[in-house]
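Let me begin by presenting the structure, written as structure tokens, before commenting on it.
Read the figures in this text as sums done on the coordinates, not as results from a lab. Note that the structure is predicted; figures quoted are calculated from it, not measured. Cβ sites come from the backbone with ideal geometry, for glycine too, and all protein chains shown count toward neighbours.
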């Protein structure tokens, strides 16, 4: 008989093994005395009787780790008890518990084959060794009915336990997935904030060092841009760290800083222009409110695209185009920079392009980035915005070049 332990540990909230052993021991020993008096075998009770009555419950301590071996051992102890002619009755409680445990924790096939076979063996031994018990059709049917009832109840308990364990596992997996998604979201936010502002600071500090002796006025502009970028990155990082700390307090749940949205697009473009990148904005269609996720992703995609242009494209003009189309927002960022293999390699080696693509895909959108046929680089993203008719808060679209002109509905 296989005695390989079943790899099942005690479940959270399950009773300790001794909680079954102690009451079972008390019932078997205390109830054997009146049973022996009823059967006229009180003279057979002795130290060995008590030892066998305690041996069965003691073996139940191993029932969870070794369900099959425990059941076989309990049946063997009970058989020895009956063969020696001791009073029958309470001793079977250990067998019932071991059988229930075998179905609950053991292999199903082994339980349904071994259980009935050993119980029938006990009935035959009782018929042979006990003068007060005769195995007839009624007794056999009664025993089989109880055996079936015990095993079916154990199967029901096992099914409920397995469903509860599966539900708990599903909840844990969902919690891990949510935690992973939140970490990814925070990582993208940190990258976008740091990559944008630190890139501006890095380039502007290089400009300041290069022109410090010849063009002090340019140095002043560069230092002003550095100061503004450093101030904004500190505010952004403070906001992110506040979310990570999850500090409770008055007004908890309200954002400490405006969340990313296209409302911040104009300040972003002004910041890039102040840093020396010429940026043109074109908006077509009717401007309307879009879902907050789309709003934030759109700004971050534009920000990351302009940051990469600023870092890798060299002297160039960047064009940002927003198309408010029915049911979607289309974003396109072009530049006339180098757009060569080296620049593309630098862009693809970081996490900026990956982060932009993940943002778009998380909203069931798409993002395509690559060199333009006539030179330069292009990033195109399409983000679903929901119902195409959601234009009740529409504003006239605008066409802006350095903030100087405005036209209706995107007409140039």
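Using per-residue counts of other Cβ atoms within 10 Å, averaged over each peptide, order 306-313, 104-111, 30-37, 156-163 from highest down.
Most protected by this proxy first, the peptides run 306-313, 104-111, 30-37, 156-163.
Restricting the calculation to Cα positions, tell me the Rg (one decimal) and the Dmax (whole number) of region 18-135 in Å.
13.9, 42
Residue 182 to residue 288: FRET efficiency via 1/(1 + (r/R0)^6), r the Cβ-Cβ distance, R0 35 Å, to the nearest 0.05? Walk me through the numbers before you get to the answer.
On the way: r = 29 Å, r/R0 = 0.83.
After rounding to 0.05, the efficiency reads 0.75.
Ranking request for peptides 138-144, 217-223: highest mean number of other beta-carbon atoms within 10 Å first, then the rest in descending order.
Packing proxy ranking, top to bottom: 217-223, 138-144.
Assuming 0.36 nm per residue, please report the length gained on full extension of the stretch residue 372 to residue 141 beyond their Cα-Cα distance.
Contour length minus Cα-Cα distance gives 74.6 nm.
Peptides 72-78, 82-88: what's the order by average Cβ count within 10 Å, highest mean first?
So the peptides 72-78, 82-88, ranked by packing, come out 72-78, 82-88.
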